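Everything below concerns the one structure shown next.
The values are calculated or read from the model by the stated rules, or taken from the named source; none is laboratory data. In this text, all values refer to a predicted model and were calculated from it rather than measured experimentally. We place every Cβ from the backbone using ideal geometry, glycine too, and count neighbours over all the protein chains shown. We work out accessible area using only protein heavy atoms, side chains counted, and drop any ligands, DNA or RNA first. Shrake-Rupley method; radii C 1.70, N 1.55, O 1.52, S 1.80 Å.
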Amino acid sequence: LRDFVERLSFPRVFGTPENVYARHLIFEEFSRIFGKAPTVEGEMSNIVMGDPNQAEILIGAHYDSVPNTYGADDNASAVAAMLGVASILKDNPKVCYVAFNCEEYQLAGSTEFVKNLKSKTLQQVHI
């Protein structure tokens, strides 16, 4: 987990090239763990691995950071923990993982995700 926190510890404010690079790192890690690509959804570019409309449990963390910080504690460590859990539970179709974006700006990524969600019975685990 520490290795991924170190790789993701750089300023990654929503809308910047660094944020796009962070999205790429997480996308590639999900692809490595699951052997298939996640989807990038919505205007906020949330990264979704699994089917949230079929899942019973959602595990999420956000990958953007506030300006002028490396974001190791907020929230690279939680993204790394989410990916660690995914590597253990990857064969469980009842779990969906979401790396939210633009959470530092009025929780825009998770708000967009919930508005587009069809299922109303998810249990959420926020890391």
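With a 1.4 Å probe and all protein chains left in place, how much of the accessible area of the chain comes from carbon and sulfur atoms, in whole percent? All intermediate terms of the calculation are to be shown ahead of the outcome.
On the way: 3690 of 6860 Å².
Percent of accessible area from carbon and sulfur atoms in the chain: 54.
Per residue, how much accessible area does the chain have with a 1.4 Å probe, in Å²?
Details: 6860 Å² over 127 residues.
Spelled out: the 1.4 Å probe surface of the chain, per residue, equals 54 Å².
Just to be sure I understand: of the beta bridges DSSP finds with both ends in segment 2-127, what percent are antiparallel, rounded to 5? Walk me through the intermediate numbers first.
On the way: 6 of 16 bridges.
Percentage antiparallel, nearest 5: 40.
Would you indicate which of [x] -0.52, -1.18; [y] -0.38, -1.11; [z] -0.43, -1.18 is the value of log10 I(q)/I(0) by the Debye sum over Cα atoms at q = 0.12, 0.20 Å⁻¹ derived from the coordinates of this structure?
It is the value labelled [y].
Working out 0.36 nm times the residue gap between Ala72 and Asp3, then minus their Cα-Cα distance, what length gain in nm do you get to one decimal?
Full extension from Ala72 to Asp3 adds 23.7 nm.
Please work out how much length the chain gains when fully extended from Gln106 to Lys94, using 0.36 nm per residue of separation minus the C-alpha to C-alpha distance, in nm with one decimal.
Details: separation 12, 0.36 × 12 = 4.32 nm, distance 2.85 nm.
Contour length minus the Cα-Cα distance gives 1.5 nm.
Would you rank Lys90, Lys36, Lys115 by solvent-accessible area, highest first, keeping every protein chain in place and using a 1.4 Å probe?
Putting Lys90, Lys36, Lys115 in descending order of accessible area: Lys115, Lys36, Lys90.
Write out the chymotrypsin sites (Phe, Trp or Tyr not before Pro) in segment 35-127 meeting two conditions: DSSP loop, and at most 16 other Cβ atoms within 10 Å of their Cβ.
Details: sites: Tyr63, Tyr70, Tyr97, Phe100, Tyr105, Phe113; in loops: Tyr63, Tyr70, Tyr105.
Loop-located and lightly packed - Tyr70, Tyr105.
Can you tell me which aspartates and glutamates have their Cα less than 12 Å from the Cα of Lys118? Leave out same-chain residues fewer than eight positions away.
Asp51
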